[in-house]
Amino acid sequence: MLIINCPYCGPRDQSEFSNGGEAHVKRPDGSKEIGDREWGEYVFIRANPKGLFYERWVHTHGCRKWFNCVRDTSTDEILVTYKLDEKKPNLNNFKSVVKTPSGEPEVGSGNFTVEK
Amino acid sequence: MKSINLKDNQFIQFHQKISFKFDGVKYFGYKGDTIASALLRNNINLVGRSFKYHRPRGIYTCGIEEPNALVQIISEYSEPNTRATIKKIYEGMEIESQNRWPSLENDFGSINNLFSPIFTAGFYYKTFMGPHKKFWKNLYEPLIRRAAGLGKPPKDFKGISNHIHHNVDITIIGGGINGLLAAKSFINSNYDVLLIDFEEQLGGIINNSNKISSIDNKEPKDWLKETIQEIEDSKNIKILKNTLVTTYNYINHLIAIEDRFVGSKPIEGKVNSTLHKIRTGHTILCNGHIERFLSFQNNDLPGIMLSSSFEKYMCRYGLAPSKEPVIFSNNSNSNSLVYSLIKAGLKPKAYIDSRSGEEIEPNLFDLIRKNDVPLYTNSQIKGAFGNKKIEKILVEDSSGALNEIKCDCLCLSGGINPDVHLFTQSKGLLDWDEKDLTYKPSKPFQPTITLGSASGQFNFDNLNSDINEKLKTFKVKKLDVKLELNTNAKYNIEKLWEVSPQKKSLWAKSFIDLQNDVTTKDIRQAITEGFDRIEHLKRYTTNSMGTDQGKISSINALGIVSDLLDKKVNEVGTTIYRPPYAPLSFSAIAGRNCYEFYDPERKSPIHNWHLKNGAIFEDVGQWKRPWYFQINKDESMHDAVQRESKNVRENAGILDGSTLGKIEIKGEDALEFMNLIYTNSFTKMKQGSARYALMLGEDGMVKDDGIICKISDQHFIATTTTGGAATVLGCMEEYAQTEWPNLKVFMNSITEQYATFNISGPKTREIMKKAFPNINFSNEEFPFMTFQFHEFNGVPIRILRASFTGELGYEIYIPSNSAPKIWDNIQSVGKEFGLAPYGTEAMHLLRAEKGYIIVGQDTDGSITPIDLGLSWMIGKSKKDFLGKRSLTRSDTIREDRKQLVGIIPSNKTDKLEEGQHIILDKEIKSPVPMLGHITSCYYSPTLGHDFALAVIKNGHSMIGTKAYASTSSMGTTGVDIVKPVFYDEGNKRLVS
Ligand SMILES: [Zn+2]
């Protein structure tokens, strides 16, 4: 179970939170003409990278506030959490922190527990 | 195997006798005995039958790694698959052996052993394929289920467990020498420390072997006592005994299970086990090592056990399982067993070592020579033989000659492995040590420290420096412990995984996994058939897939595979060790979240009245709602629903609608917010009026509906469906925070604060007048879709004129605590008008007659408001609202979308059913183009026939035509497609 640092309440167990998918996806302005493609991408398309990912979470069983974070989807490590109105951090800042548990050995049948 | 009691010690007292039953026969053991040690004391060596071949099996180890000795504890709700090597006996304990019929001695299933040449790897995959798929369900599966498996499921299980959370700086797993020394370093420091050991007594190999002769010039047992006392006295260290860490999760989150009734029968109603959930800053793994076995013909015979286990029985249980065991080893770990035997006045029958004479430790040589123990160096055991127990072994000596040795016990050692399960669970990396022939922890992924043999340090030379170095970051005082050994030897091992049998035979078996009955031949066959990747091989042969996860054998399998493939073991890799480390009962995982706390029930404030008045309940989410009310025990559900709905149409009915979600929305920008959330426009709506509203997802599909009451532009109350309350509130909060943070608006759930009564029927106005005499209910003063606040007997109430039945109706909102009183009052004044309660089923029938949809029944997340014929609810002049743009997507404007229609049988006496498909042809000729299906269907007492709502392709333009509903018997029923309104189309009754 992860520990997630709610920007309002501090570090809490993951079970108090719900995941809200990719962060910084802007909802198109409804007062303007929106093309099918633009709207379709907003509704249906989300990134799913292996590695660093801007992500939304909500402190469901807590303060019920939404916030953003940067999570490494390959390790589950949450590198930073920040409030919705804060500027999104530059992913390049985190490069050195990224760890993959094992790398992916060419041999060893897809198991990642043995050092290459 | 004839065992002998040695001297008693602090763990076993020979004057404390305990009686227990094994397979119905009474035996005696001593307090402190495990089932295994007690059985060995009674010379019982056959304790179970194996999984697949039903071969006789005995006790192989003396700990948690046991693959064979699994038993059923009859006296504890018949708990199956209990490891006899760790479960302690108590007075009156009843134990049964497993997987045998009719008895352990004469097991019918052992016939499988005769047919064993066909039960090879992949046997089930290959054999039970045809000729018809029904064969699997009706014949093969029941057969296999009866024959295979271990214990029987427990009966009437009533175990209780609880959960305890810990938040500490350091968790030390394992209370052996290294764990104790690590804990000692933290005595009276500023760190919160948890020291966890699986056993009842701390000490590890100090208790289990004679390896160590002195610590700090003291007897090891004296040193141990002092050290434990010091640790116990330290305020910052907590010790958990009888606690097994099973799981090592991300962010140093550990799960451990504590047995609360070690050596006594669990008391019913008391907590049997505690699940500890530990969050720790650092984890120090001192969980030691596990000895592995060796493969040769019949290496599963009762009487064969691991050599360190034999020594543990001697040191901890004062019991030598045999007076003269043969020892077979390829490494130095079994030296101390020779020492222990001789110290106890016993003598090995023979010592067989695959290593050459030069490699064998000199002091072991001396010991063997001095005591005239027959020594075979450069030798291997080709096989063990005997009837249900070991009787003789065949030894190939250095000259290649075969020697037969009669014996009743054989001790094996194939080397030792660091117990890396927890380390790999933590995602740490392993590295193969070519010298010690084992995987050792290499890079940790989390703040994990490994000490002692758990880190692969099999010698004690660097004990102090290793601990001091690894604990440097904590800035604790440095250790300087002096340790002397009895068998002064550096760990040394020679490669040996398997000895091939003397005679090639289809029936010769060398086991590689005792619990799952996997032989080395199965491994060969799997590789021949192409399953040469270790993860494939594991699943194809089921090697190391038993409850022991191959603790004593999985490394041997890797060794054999690497030799067969001519690869390095590191290249073969290892399968992933997954949590839990050892089986963990569901009861422990559930903790207190079971029985009534499993999924808490939510009850309306009127619940007790419902109970007294014949309500049959239905679950709606967590809520208990009256489904219908029985006037007497013989009334069927159909009759009750017909009576209730008829009464609403003719007189009046009252429904407890308290479970409906209620959300209060307030703030300067509440109006703008509501306009964005719902499809409807609330701008021109008058204060004090109400409106039926739809909420869409961004994909344009209907997500929820409800009635919105506008108190002012800054204050709204919305109702939601019973099941959708939490989701709707969550959605509102999400958009308020993420998309429109500029809007000043707040929302809160008031579902449980207010009870709701829905009264409807032609006589409702009379009842309301009588119940609330100070309120004017005339059409002019209180028109349809308006609401008013009132005070009644000092209780603030809100009355909304709305209806979900199509009749004149009111909804009354009352603070929950005052609700039962007002409910009772309405019941008593309503009696003379024929007022009767109705349940959700009658409500569904009545609303369907009016064509009102239920979100989630008539819609399924792929239906737009246009599909429902509710285009009038869309505020087209609004610039934006949730899902607005999606209503003009190419998909949502398709003409052949499924649309809501009404369905009635062409022949009025025909019956319809929910879920029936609507098709165009009378004859069913596959493939049948399906138009859609019936979503709601009832028999209407008002219409006198069945009617239904359905969603069908291009439905709106099909109204007025005929179609067919397919029946379950491959037939069809002719139906008319009609408008989805069956009653009072002009809404005259609603506004009367
Ligand atoms: Zn919070």
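The values are calculated or read from the model by the stated rules, or taken from the named source; none is laboratory data. Keep in mind that this is a model prediction, so the values were computed, not measured. We place every Cβ from the backbone using ideal geometry, glycine too, and count neighbours over all the protein chains shown.
Do we find that B:LYS703 is in contact with a strand residue (DSSP E or B) (Cβ under 6 Å, 6 or more places away or on another chain), at pLDDT 95 or above and within 14 Å of another protein chain (Cβ to nearest Cβ) in this structure?
Spelling it out, B:LYS703 is indeed in contact with a strand residue (DSSP E or B) (Cβ under 6 Å, 6 or more places away or on another chain), at pLDDT 95 or above and within 14 Å of another protein chain (Cβ to nearest Cβ).
May I ask you to list the residues in region B:562-584 that are away from every other protein chain (no Cβ under 13 Å) and touching a Ser or Thr at 6+ places or on another chain (Cβ under 7 Å)?
Correct list: B:PRO580, B:TYR581, B:ALA582, B:PRO583, B:LEU584.
What number of residues within region B:252-297 are farther than 27 Å from A:SER15 by Cβ, acidic (Asp, Glu) and either crowded, with 20+ Cβ neighbours inside 10 Å or at pLDDT 95 or above (or both)?
Counting residues in region B:252-297 that are farther than 27 Å from A:SER15 by Cβ, acidic (Asp, Glu) and either crowded, with 20+ Cβ neighbours inside 10 Å or at pLDDT 95 or above (or both) gives 1.
B:PRO600 versus (1) crowded, with 18+ Cβ neighbours inside 10 Å; (2) more than 12 Å from chain A (Cβ to nearest Cβ); (3) not acidic (Asp, Glu): which is the lone unmet condition?
It fails just one condition, (1).
Given (1) farther than 21 Å from B:VAL420 by Cα; (2) charged (D, E, K, R); (3) not in a loop (DSSP other than H, G, I, E, B), where does B:ARG592 come up short, assuming only one miss?
(3)
On the given criteria, is B:ASN335 buried (at least 16 other Cβ atoms within 10 Å of the Cβ), in contact with a strand residue (DSSP E or B) (Cβ under 7 Å, 6 or more places away or on another chain) and assigned by TED's automatic domain parsing to the domain that holds B:LYS392?
No: the conditions fail for B:ASN335.
Being touching a residue at least 40 places away in the same chain (Cβ under 8 Å), more than 8 Å from every other protein chain (Cβ to nearest Cβ) and not β-branched (Val, Ile, Thr), is that true of even one residue in region A:43-51?
yes
Could you pull out the residue among B:GLU469, B:GLU529, B:GLU434, B:GLU484 that is of a type in the set (Asp, Glu), within 14 Å of another protein chain (Cβ to nearest Cβ) and surrounded by fewer than 16 Cβ atoms within 10 Å (Cβ to Cβ)?
None of the other options fit; the residue is B:GLU434.
Rundown of residues vs (1) surrounded by fewer than 24 Cβ atoms within 10 Å (Cβ to Cβ); (2) of a type outside the set (Gly, Ala, Ser); (3) in contact (Cβ under 8 Å) with a residue 24 or more places away in the chain, yes/no style:
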| site | (1), (2), (3) |
| --- | --- |
| B:LEU496 | yes, yes, yes |
| B:LYS504 | yes, yes, no |
| B:TRP507 | yes, yes, yes |
| B:MET545 | yes, yes, yes |
| B:SER562 | yes, no, no |
| B:ASN570 | yes, yes, yes |
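Mind checking which pairs have a first residue in region A:63-82 that is within 12 Å of another protein chain (Cβ to nearest Cβ) and farther than 17 Å from A:ASP13 by Cα and a second that is of a type outside the set (Asp, Glu) and within 16 Å of the ligand (Cβ to nearest atom), Cβ under 9 Å, 6 or more apart or different chains?
A:ASP72/A:ILE78
Does region A:4-42 hold any residues that are without any contact (Cβ under 8 Å) to a residue 24 or more places away in the chain, β-branched (Val, Ile, Thr) and either surrounded by 17 or more Cβ atoms within 10 Å (Cβ to Cβ) or within 8 Å of another protein chain (Cβ to nearest Cβ) (or both), and which are they?
If the condition is that a residue be without any contact (Cβ under 8 Å) to a residue 24 or more places away in the chain, β-branched (Val, Ile, Thr) and either surrounded by 17 or more Cβ atoms within 10 Å (Cβ to Cβ) or within 8 Å of another protein chain (Cβ to nearest Cβ) (or both), then A:ILE34 is the only one that fits.
Within the bounds of region B:896-906, is there any residue that is assigned to a loop (DSSP other than H, G, I, E, B), farther than 22 Å from A:GLY35 by Cα and within 14 Å of chain A (Cβ to nearest Cβ)?
No, region B:896-906 has no match at all.
Yes/no per residue for (1) at pLDDT below 95; (2) over 26 Å from B:ILE512 (Cα atoms); (3) crowded, with 20+ Cβ neighbours inside 10 Å; (4) more than 33 Å from the chain's Cα centre (by Cα):
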position: B:SER354; (1), (2), (3), (4): no, no, yes, yes
position: B:LEU364; (1), (2), (3), (4): yes, yes, yes, yes
position: B:ASN371; (1), (2), (3), (4): no, yes, no, yes
position: B:ASP408; (1), (2), (3), (4): no, no, yes, yes
position: B:GLN446; (1), (2), (3), (4): yes, yes, no, no
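If you go through region B:369-389 one residue at a time, how many are within 13 Å of B:VAL326 (Cβ to Cβ) and without any contact (Cβ under 8 Å) to a residue 60 or more places away in the chain?
Total meeting the criteria: 5.
Pick out the one residue from B:GLY559, B:GLY621 that is within 30 Å of B:ASP824 (Cα to Cα) and more than 14 Å from every other protein chain (Cβ to nearest Cβ).
Only one candidate qualifies: B:GLY621.
Tell me, which strands (runs of 3 or more DSSP E) lie completely within region A:1-86 with 1 or more residues that are within 11 Å of the ligand (Cβ to nearest atom)?
Answer list for region A:1-86: A:3-6, A:10-13, A:52-58, A:66-72, A:77-83.
Just to be sure I understand, how many residues within region B:868-883 are surrounded by fewer than 21 Cβ atoms within 10 Å (Cβ to Cβ) and either outside any loop (DSSP other than H, G, I, E, B) or of a type outside the set (A, V, I, L, M, F, W, C) (or both)?
Result for region B:868-883: 10.
Please report, ordered by residue number, the strands (runs of 3 or more DSSP E) entirely within region B:424-519 with at least 1 residues that are of a type in the set (S, T, N, Q) and more than 30 Å from B:PHE119 (Cβ to Cβ). Outline the logic, then answer.
Details: elements: B:430-433, B:438-441, B:448-450, B:483-485, B:511-513.
The strands (runs of 3 or more DSSP E) meeting that bar are B:438-441, B:448-450.
I'd like to check something: does region B:742-765 contain any residue that is closer than 17 Å to B:HIS790 by Cα, part of a helix (DSSP H, G or I) and away from chain A (no Cβ under 14 Å)?
So far as region B:742-765 goes, yes, one or more of its residues are closer than 17 Å to B:HIS790 by Cα, part of a helix (DSSP H, G or I) and away from chain A (no Cβ under 14 Å).
Starting from region B:646-675, take each residue that is closer than 17 Å to B:PRO626 by Cβ and list its partners that are outside any helix (DSSP H, G or I) and among the aromatic types (Phe, Trp, Tyr), counting only C-beta distances under 7 angstrom and pairs at least six apart or across chains.
Pairs found: B:VAL648/B:TYR838; B:GLY653/B:TYR838; B:ILE654/B:PHE757; B:LEU655/B:TYR838; B:ASP656/B:PHE757; B:GLY657/B:PHE757; B:THR659/B:TRP623.
Can you report the number of residues in region B:779-828 which are in a loop (DSSP other than H, G, I, E, B), crowded, with 16+ Cβ neighbours inside 10 Å and not charged (D, E, K, R)?
Of the residues in region B:779-828, 9 are in a loop (DSSP other than H, G, I, E, B), crowded, with 16+ Cβ neighbours inside 10 Å and not charged (D, E, K, R).
Quick check, is B:ASN188 out of contact with any Phe, Trp or Tyr (no Cβ under 9 Å at 6 or more places or on another chain), within 20 Å of B:LYS477 (Cα to Cα) and surrounded by fewer than 24 Cβ atoms within 10 Å (Cβ to Cβ)?
yes
Only residues that are more than 30 Å from B:TYR938 (Cα to Cα) and free of Cβ contacts under 8 Å to residues at least 40 places away in the same chain: list them for region B:886-909, please.
B:THR888, B:SER890, B:ASP891, B:ILE893, B:ARG894
List the pairs whose first member sits in region B:320-338 and is closer than 23 Å to B:SER295 by Cβ, whose second member is aromatic (Phe, Trp, Tyr) and in a loop (DSSP other than H, G, I, E, B), and whose Cβ atoms are under 6 Å apart, counting only residues at least 6 apart or on separate chains?
B:SER332/B:TYR491
For the subset of region B:938-992 comprising residues that are of a type in the set (A, V, I, L, M, F, W, C) and in a loop (DSSP other than H, G, I, E, B), which member is farthest from B:ALA802 (Cα to Cα)?
Within region B:938-992, the first condition is being of a type in the set (A, V, I, L, M, F, W, C), and the residues that meet it are B:943, B:947-952, B:958-959, B:963, B:965, B:970, B:975, B:977-978, B:981-982, B:990-991.
From what is left, the residues that are in a loop (DSSP other than H, G, I, E, B) are B:943, B:959, B:970, B:981-982, B:990-991.
Details: B:LEU943: 23, B:ILE959: 29, B:MET970: 43, B:VAL981: 18, B:PHE982: 19, B:LEU990: 8, B:VAL991: 9 Å.
Once the filter is applied, the top-ranked residue is B:MET970.
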